[in-house]
Amino acid sequence: MKRTFLYSLLLAVVMMTAVSQPASAQVRFGIRGGLTLGKLKFDRDVINSDNRVGWSGGVLLDLNMPVLGIGLEASALYTHRNNRLTDNERVFKRDYIDIPVYVRYRLSLPKVGHVFAPMVFTGPDFSILFSENGPVNYKNKKTYLSWDVGLGADLFNRIRLTGTYGIGISRAMDYIDSEYHGDKIEGKDRFWTLSAAVLF
């Protein structure tokens with residue numbers, strides 16, 4: 001997992017470097033905040049989790065190619081996730097440093113593009129565990145990888161509203177208990193994120 005995580009992070013850095021080379025690229029910075037709604041998806045039906053609200057906030061780097069409509073966006077976010085198991089009401093609180101890196105296509109609409117510009121985006125989301133609070137028989141992974149897809153829009157070329165769905169690729173935690181003969185039950189994150197950003 002560590003090797004996959006490092007390779008994916010290296011690929012993201014290479015992508016950012018490649019797109020930032022053309023002189024016509026617009027580079028902007030911003031701040032972002034939002035709400036997350038997520039649950040843990042376990043690989044066995046003996047454990048279930050319900051949707052719980054969390055939050056995220058941080059900074060972003062935006063690279064945009066005006067003519068092509070293609071761009072890249074990378075963020076560094078502090079993300080708080082809440083999860084609750086439906087069988088025994090146990091609650092998890094996890095804090096992460098999230099680094100999502102997106103390839104984006106923004107549609108330039110005639111006459112109204114400077115006011116409203118819709119977009120689609122996708123890319124990897126790298127999560128590094130910062131702190132945790134939960135039952136001891138659940139072991140959170142220090143790092144894990146998700147893949148995000150989303151829709152959004154730029155308003156007045158300054159405010160960015162987005163909705164994102166994240167699918168855990170690698171597991172976020174393992175459950176180990178003698179009841180299941182020491183076998184690991186793997187949990188992966190599934191989450192929605194609604195966020196707003198201001199670009200400078």
Selection count, region 139-174, where residues are without any contact (Cβ under 8 Å) to a residue 60 or more places away in the chain, closer than 18 Å to S49 by Cα, of a type in the set (A, V, I, L, M, F, W, C) and assigned to a strand (DSSP E or B): 1
Answer yes or no: is there a residue in region 182-190 that is outside any strand (DSSP E or B), at pLDDT below 95 and more than 24 Å from V115 (Cα to Cα). yes
Somewhere in region 117-124, is a residue touching a helix residue (DSSP H, G or I) at 6+ places or on another chain (Cβ under 7 Å) and either β-branched (V, I, T) or over 18 Å from L61 (Cβ atoms) (or both)? no
Go through region 142-162 and report how many residues are exposed (fewer than 14 other Cβ atoms within 10 Å of the Cβ) and β-branched (V, I, T). 1
Subset tally (residues that are outside any strand (DSSP E or B), free of Cβ contacts under 8 Å to residues at least 40 places away in the same chain and over 13 Å from D154 (Cβ atoms)) for region 107-138: 3
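Residue-by-condition table, conditions (1) under 23 Å from A197 (Cα atoms); (2) more than 20 Å from the chain's Cα centre (by Cα); (3) modelled with pLDDT under 95; (4) of a type outside the set (F, W, Y):
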{"site": "A12", "(1), (2), (3), (4)": "yes, no, yes, yes"}
{"site": "R32", "(1), (2), (3), (4)": "yes, no, no, yes"}
{"site": "G58", "(1), (2), (3), (4)": "yes, no, no, yes"}
{"site": "E89", "(1), (2), (3), (4)": "no, yes, yes, yes"}
Which one is nearest to the chain's Cα centre (by Cα) among residues in region 124-139 that are modelled with pLDDT of 90 or more and buried (at least 19 other Cβ atoms within 10 Å of the Cβ)? D125
Could you tell me whether G71 is assigned to a strand (DSSP E or B), under 19 Å from F200 (Cβ atoms) and at pLDDT 85 or above? yes
Number of the exception - K39 against (1) touching a Ser or Thr at 6+ places or on another chain (Cβ under 8 Å); (2) closer than 18 Å to I185 by Cβ; (3) of a type outside the set (G, A, S); (4) not in a strand (DSSP E or B): (4)
So if I check each of K41, K2, which one is more than 15 Å from the chain's Cα centre (by Cα) and modelled with pLDDT of 85 or more? K41
Condition first: aromatic (F, W, Y) and in contact with a Lys or Arg (Cβ under 7 Å, 6 or more places away or on another chain). Can you find one or more residues in region 147-167 that meet it? no
With the condition kept exactly as written, say whether any residue in region 93-111 is within 18 Å of G38 (Cα to Cα), surrounded by fewer than 21 Cβ atoms within 10 Å (Cβ to Cβ) and modelled with pLDDT under 95. yes
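The values are calculated or read from the model by the stated rules, or taken from the named source; none is laboratory data. Not measured: the values here are computed from a predicted model. Cβ: placed from backbone, ideal geometry, glycine included. Neighbour counts: every protein chain shown.
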